[in-house]
1. Has the stretch 112-119 got any residue that is modelled with pLDDT under 95, closer than 22 Å to residue 177 by Cβ and crowded, with 20+ Cβ neighbours inside 10 Å?
2. Confirm whether residue 327 is under 19 Å from residue 88 (Cα atoms) and part of a helix (DSSP H, G or I).
3. Select, from 239, 205, the only residue that is within 16 Å of residue 277 (Cβ to Cβ) and either in contact (Cβ under 8 Å) with a residue 40 or more places away in the chain or within 11 Å of the ligand (Cβ to nearest atom) (or both).
4. Look through 292, 317 and report the one residue that is in a loop (DSSP other than H, G, I, E, B) and closer than 29 Å to residue 362 by Cβ.
5. Quick check on residue 300: is it more than 10 Å from the ligand (Cβ to nearest atom) and not in a helix (DSSP H, G or I)?
6. When you check residue 176 against the structure, is it under 17 Å from the mean Cα position of the chain (by Cα), away from the ligand (no atom under 15 Å from the Cβ), crowded, with 23+ Cβ neighbours inside 10 Å and modelled with pLDDT of 95 or more, yes or no?
7. Among the listed residues 45, 66, 53, 39, which satisfies the condition of being under 17 Å from residue 116 (Cβ atoms) and touching a helix residue (DSSP H, G or I) at 6+ places or on another chain (Cβ under 7 Å)?
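The values are calculated or read from the model by the stated rules, or taken from the named source; none is laboratory data. Just so we're clear, the structure is a prediction, and the values are computed from it rather than from any experiment. Virtual Cβ from ideal backbone geometry, glycine too; neighbours counted across all protein chains shown.
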Ligand SMILES: Cc1cc2nc3c(=O)[nH]c(=O)nc-3n(C[C@H](O)[C@H](O)[C@H](O)COP(=O)(O)OP(=O)(O)OC[C@H]3O[C@@H](n4cnc5c(N)ncnc54)[C@H](O)[C@@H]3O)c2cc1C
């Protein structure tokens with residue numbers, strides 16, 4: 001049996017009731033009109049600050065999120081650990097503008113590090129750059145910036161340094177998520193500086209490479225050269241990228257070439273190449289492979305074997321989002337690979353943009369909801385047969 005197909009292992013952590021609820025949710029996502037309407041309502045909710053919690057919390061929120069606070073997420077984190085799966089608690093703050101908001105997000109991220117330091121079920125921390133500086137300032141780094149832009153970037157650098165230092169002190173690696181490409185250059189610069197400072201013995205700071213960007217393989221080579229030349233460890237989260245439509249739309253609107261590959265096959269090739277190159281340089285690299293793509297994970301496992309690496313090598317983690325692709329996470333964990341679930345948490349209103357992205361990703365055209373439904377149906381059927389046999 002292929003490694004990912006054991007649904008008993010994949011869903012051991014879910015009750016019949018939870019699986020049936022998940023089935024209804026993914027079935028809804030098969031209807032484009034439902035997905036579109038949900039997106040419009042959620043966006044309206046964000047804009048008008050409508051109280052949508054009563055609708056969202058028992059449905060999409062409970063399926064894709066840990067809770068509204070660290071404490072609310074604790075039970076789930078412990079239950080995933082029982083099945084060999086670790087968690088990274090992802091505080092769902094993005095696009096913050098005011099200094100007060102930014103400082104309160106930074107304080108919460110440090111709380112996630114404290115939570116991780118005291119809990120063997122949580123082994124990473126994470127944040128989004130747009131939660132720590134106004135995006136318009138990050139985007140204006142470089143030539144032609146005003147004095148206030150310069151001081152804005154300096155504040156961003158200081159905020160990131162505070163978080164990376166806290167991560168270093170606690171021995172909890174921290175990942176810097178990637179968002180839209182027009183401000184990624186600033187993030188890359190600061191992330192690289194932080195790696196040089198804090199990744200001397202092992203990777204504590206991880207930058208993210210979105211492999212749907214056609215310049216990222218070259219950037220990966222540049223990162224490898226810098227780490228090797230300056231003698232630090234490169235920490236990288238590899239993903240395909242979640243902002244394809246926005247990227248293409250912005251490029252079209254502003255009249256510059258799209259930074260995204262023209263087709264999925266090119267993105268897949270680049271992602272797999274990045275996995276391969278990182279494993280070839282594993283003496284100086286740690287990777288966190290964030291994907292729901294079976295072929296990429298099979299490639300990762302094959303290449304690890306080829307390089308004689310142990311399944312539980314501490315420099316290699318595979319990760320999926322909570323509420324998705326349990327057949328990958330739990331089967332890989334069962335085989336003793338390091339697997340981490342990305343577990344977003346925070347107030348419902350903070351999580352709406354994240355939930356919109358998940359619903360979009362699971363709509364029928366991408367095939368993801370079909371895959372989820374297929375495995376959920378198989379497991380419900382298996383449990384039914386098992387119960388009948390016991391009677
Ligand atoms: C643990 C984890 C952490 C993540 N962190 C981030 C993050 O920090 N930043 C971020 O942007 N995303 C992040 N993502 C989301 C990720 O980038 C993908 O959007 C998502 O995982 C789907 O890609 P996939 O590799 O799982 O699978 P697949 O379903 O095989 O790939 C879908 C992806 O392929 C690409 N793609 C699809 N169609 C085309 C096309 N026509 N042309 C070019 N490319 C195409 C897109 O990137 C699309 O999302 C994360 C995902 C995970 C699992």
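1. No, that holds for no residue.
2. yes
3. Unique residue meeting the criteria: 239.
4. Answer to the check: 292.
5. no
6. It is false that residue 176 is under 17 Å from the mean Cα position of the chain (by Cα), away from the ligand (no atom under 15 Å from the Cβ), crowded, with 23+ Cβ neighbours inside 10 Å and modelled with pLDDT of 95 or more.
7. Result of the check over 45, 66, 53, 39: 66.
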